[in-house]
Each structure stands twice: as C-alpha cells, then as structure tokens.
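A short worksheet on the structure shown next.
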Amino acid sequence: MSQYILRRLMIAIPSLLGISVVLFVVLALAPGDPFSELATNPNVPPEVQAALRTKFGLDDPIYLRYLHWLAAMAQGDWGFSFVSRINVDTLILQRLPTTLYVIGSAQLLALLIAIPVGVYAATRPYSLFDQLANTFAFIGFSLPTFFTGILFILVFSVKLDWLPFVYTDVPGSGIPWLLEMIRQAIMPVMVLGLFQAASMTRFVRSAMLDVIRLDYVTTARAKGLGQAKVIVKHVMRNAMIPVVTLIALQMPAVFGGAIVTEQIFRIPGIGSLLISSILANDTPVVMAVTFVFACLVVLFNLIADVLYGWLDPRISFR
C-alpha cells in the first residue's frame, strides 16, 4: 500500500503544479494592486514604494514571479501578508484548525445522519419513512447554506436566544471552555452538516437499492442469514464505495460552503481569511489559501482511493 500511496502522491504533484499555475496567472492578471494603499498614503515616499515593489518582485514578468513563488514555497516560505504584516504560513496555521474542526464536525454529522437514514429507507422502499426521507433530502439540498444559516440565526439566536450567532475566541480552559466552544459551533456545523447529509442520504439510498437486488444478496438470504447481517455485512460494505467517491468529489463544494458559513457566523477560519484578503488585494494570502484548499481536496481524494481497497478487497493497490 505504501508504494500505491507514493505513486498517487507522485501523480498529485503535476496536478498541484497545474493548479498553482492557473491560480497565479489569474491573480496576477486580476485588477488591483497589493500596494494600492501605499500609493495613496502621503507618509510613504515614492522611493520607499519603489523599493518595496522591487523587493517583492511586483514589477517582474509573471513567469519570473511564479518561479520565485514556487521556489520559495518549496523552501517553506509562503510569502508575507501586506495587510496583516506577518508571514502567510503563520496566518494560515492560526486559522486552519478552526476550519478543519468545523468542516470535520459537519462531515461527521452528515455521515451519522445519511448512512442510517439512507440504509433504512432503502430496506423499505416507497414506505412512509422513505417518502419522508426523500422529501426532507430534497428540501435540504435545495436550500443554500447562506439561507439556512440566516434562518438558524433568526430562530435559535434572535427568537429563542439559545445559541450565540457570532463565533468568538473563548478564553479559559477545562470543561466550561469546551462546552462553550461546542455551543458556538452547533449552528455552523448544523448548517454545513445538514446540507451535506441531504445529498448523501439520496446517494446512500440509491447505492443500497442497486446492491440489495443483486444475486449474491438473494443467495445470502436463501442460506438463512438474518436481515441485519445481510444488510450490514454484505450490502452496506459494497454500497459504500460510490458513497466514498461522492464524499471525495464533494470536498470542493464543502470548502465553498465553509467559506460562506464562516462569513455568516464570523468564524475565524481560512474561508473568512480568503474573503478579507480578496477585498484587501492581499495576493500572497489569496494564493496560499486557495493552494491549501487544492492540497486538501487532493488529500481527501487520496484517502478515498485508500478506502476503496478496505471496503472491497477485490480492488488491489497496483
């Protein structure tokens, strides 16, 4: 398996290089200047502005700037934020754990909802439970996350005053601190998790129905195996392969939804950092954050490939 993972990583390197080229060219050709504030600041002499532009290579050709950026990235230098006045890697590492915590919790919630509901609905097709599950699933993925987030704020924060609608840095430690962190993360995790659970439920149900009609499932039942054992041991494991594919392919949409959700609930993650950096023309931060998103998507696809072999032993890592 180690050789398989190494080959997949080697394949991922050209993909990441291609993504970095596209991102860098688009950002370089986009309107705006990272030093636009300096140009309008009378306290900064023109000589200092020119020296800074020369230092950061802003007047160099695009291909030279990209090569300099790539060489610096390979050495662990992600650049310098013109707005925050700190290194980009430090800025991202400060916010990345919060984003991963929210996204990871939302994905876990989506799986805990989608798998049981989808499996149970598939074992009882066209029943009342199946129809209710399909109805709520259609409603769930039809509503965008920004609408659901605002609705949750109006209901649970404004009307009922149960949950805080702004994600803050809670001081302290111990159990009270942990409970408060969980409390303020409930709404953003629910918004992302329910949206993902809606589409996953439909997909789990469809995958289960495709497998449950196969001959080997009928043979297992004819041998006298119980319904629960047939579903869990013989049906679910094979049905989960397309579900894993769906989860891996949905990761870009998950990160996109996280950007919107972080803006709504003021979560100090890399999604909100990306939006603020775009508005401030902080190009090094925008480039680094989008590249981190690309790396995370590639990583989750690699994890999905590894899970294929665990779910179905017929898939070999060759």
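The values are calculated or read from the model by the stated rules, or taken from the named source; none is laboratory data. Model, not experiment: these values are computed from the prediction. Counting neighbours? That spans all protein chains shown, and the Cβs are built from the backbone with ideal geometry, glycine included. When the accessible area is computed, the model is the full protein with side chains, heavy atoms only, and any ligands, DNA or RNA have been set aside. Shrake-Rupley method; radii C 1.70, N 1.55, O 1.52, S 1.80 Å.
Some notes on this structure:
- Accessible area of the chain belonging to carbon and sulfur atoms, whole % at 1.4 Å probe: 69
- Reduced Cα scattering model of segment 90-309, Debye log10 I(q)/I(0), q = 0.08 Å⁻¹: -0.36
- Counting only protein heavy atoms and a 1.4 Å probe, the chain has 56 square angstrom of accessible area per residue.
- Listed residues 176, 125, 116, most fluctuating in the chain (Gaussian network, C-alpha, under 10 Å): 176
- When shorter helices are ignored and each DSSP H run of at least 4 residues is given -39500 (n - 2.57), the per-residue value for the chain at 222 nm works out to -24500 deg cm²/dmol.
- Placing unit charges on the Cβ atoms of the charged side chains and taking the dipole of segment 75-191 about its Cα centre, the candidate lying farthest along the positive direction among 154, 97, 121 is 121.
- Judged by the mean number of other Cβ atoms found within 10 Å, the most tightly packed of the peptides 128-139, 143-154, 215-226, 280-291 leads the ranking 280-291, 143-154, 128-139, 215-226.
- The magnitude of the dipole of the chain, with charges of +1 and -1 set on the Cβ of Lys/Arg and Asp/Glu and taken from the Cα centre, is near 1520 debye.
- For residue 16 and residue 169, the difference between the fully extended length at 0.36 nm per residue and the C-alpha to C-alpha distance is 51.8 nm.
- Relative to one another, the C-alpha centroids of segment 259-274 and segment 195-231 are positioned 38 Å apart.
- At least 24 Å along the helix axis (C-alpha) and Kyte average at least 0.0, DSSP helices within the chain: 2-29, 88-123, 174-212, 237-265, 283-311
- In percent, rounded to a whole number, the relative contact order of segment 90-309 is 29, using alpha-carbon pairs under 8 Å and six or more apart.
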